[in-house]
1. How far, in degrees from 0 to 90, does helix 235-245 lean away from the longest principal axis of the Cα atoms of the chain, to the nearest 10?
2. How large is the dipole of the chain about the Cα centre if only Lys and Arg carry +1 and Asp and Glu carry -1, each at its Cβ, rounded to the nearest 20 debye?
3. Which order do the peptides 28-35, 177-184 come out in when sorted by mean C-beta neighbours inside 10 angstrom, highest first?
4. If you put +1 on each Lys and Arg Cβ and -1 on each Asp and Glu Cβ, how big is the dipole of the stretch 7-148 around its Cα centre, in Debye rounded to 20?
5. Using the Cα centre of the chain as origin and beta-carbon charges of +1 (Lys, Arg) and -1 (Asp, Glu), tell me which of Ala223, Ser25, Ala52 is placed farthest towards the positive end of the dipole.
6. List the residues, sorted by chain then number, that are 5 or more residues from Val5 or on another chain and whose placed amide H is less than 5 Å from its amide H.
7. Applying a 10 Å radius around every beta-carbon, put 131-139, 75-83 in order of their mean neighbour count, most first.
8. Loop only per DSSP, at most 16 neighbouring Cβ atoms within 10 Å: give me the GluC sites (Glu not before Pro) in the stretch 113-191, ordered by residue number.
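The numbers here are math on the coordinates, done by the rules we state, and not lab data. Keep in mind it's a predicted model, so treat the numbers as computed, not measured. Positions of Cβ are generated from backbone atoms using ideal geometry, with glycine treated the same way; all protein chains shown enter the neighbour counts.
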Amino acid sequence: MRITVVTPTYNEAENLPKLVSALFSLPLDLHVLVVDDNSPDGTGRIADDLAAVYPGRVEVLHRPGKLGLRSAYLNGFQKVLDGDAQAIVQMDADFSHDPSVLVGMAHLLESNDIVLGSRYVKGGSVDERWPVWRKGLSAFGNYYARTILGLPLHDVTTGYRMWRRETLRQIPFERIQSSGYVFLVEMVYLAHCLEFKIGETPIYFSDRRWGKSKMSLMIQVEAAFRIWQVWWHYRDLRRAGRAGRL
């Protein structure tokens, strides 16, 4: 199975070469699409160098500036779906997502439409160095989102995901409105509303090894309000799903 990893980057010069090396050491047919937002630290140039070292396995999508997670993934998905990838991965470039988990995710994808790398299933966990308040905030954020949206999943904010090509092609990208990290929740909620089969596999979520985290308390507070917007936006699909089960 040909798998393409889509990884958005902004100032990931330290991480990207290490990530590509780790990915290509796995026993998988992996390819990488780097979506770089004109990183000031030269990540885009490093990505081009990697594309020259790994011709046909690394591609780079250069964007003019920091345009956000939503558009980075949607632009990346559209480019990958024009190719021949059979599975598409969403993955951070900062090593918070362990590349080795992809082997198990690929196996689980054989019986699912989407596989989530979950911190909150048995065997999953978050960085042991996190203070108690941060662990609690992360766990509550997941509980809050999945309860409001009625999602039968454990980790709806995870950014580590693997999609079947045919599943991703059926997602109506034009309907997706959220930016930032709520985009991740909206994507999985939309997939649930469309009745795709979603599996979860445990992961250990580590704080980034190099560089500075882009997550902040304000981002998470804003996300709490935007979950309700997601719930309202897809009310037509909820009604259609209920009608279909009557």
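1. That works out to roughly 70 degrees.
2. Values: 30 positive and 27 negative charges, 175 e Å.
Once rounded to the nearest 20, the dipole reads 840 debye.
3. Details: 28-35: 22.4, 177-184: 19.5.
The most tightly packed comes first, giving 28-35, 177-184.
4. On the way: 13 positive and 18 negative charges, 124 e Å.
Dipole about the Cα centre, nearest 20: 600 debye.
5. Of Ala223, Ser25, Ala52, it is Ala223.
6. Hits under the 5 Å cutoff: His31, Val32, Leu33, Val89.
7. Details: 131-139: 12.8, 75-83: 16.7.
Sorting 131-139, 75-83 by mean packing, highest first, produces 75-83, 131-139.
8. Working: sites: Glu128, Glu166, Glu174, Glu186; in loops: Glu128.
Taking the stretch 113-191 and a limit of 16 other Cβ atoms within 10 Å, the loop GluC sites (Glu not before Pro) found are Glu128.
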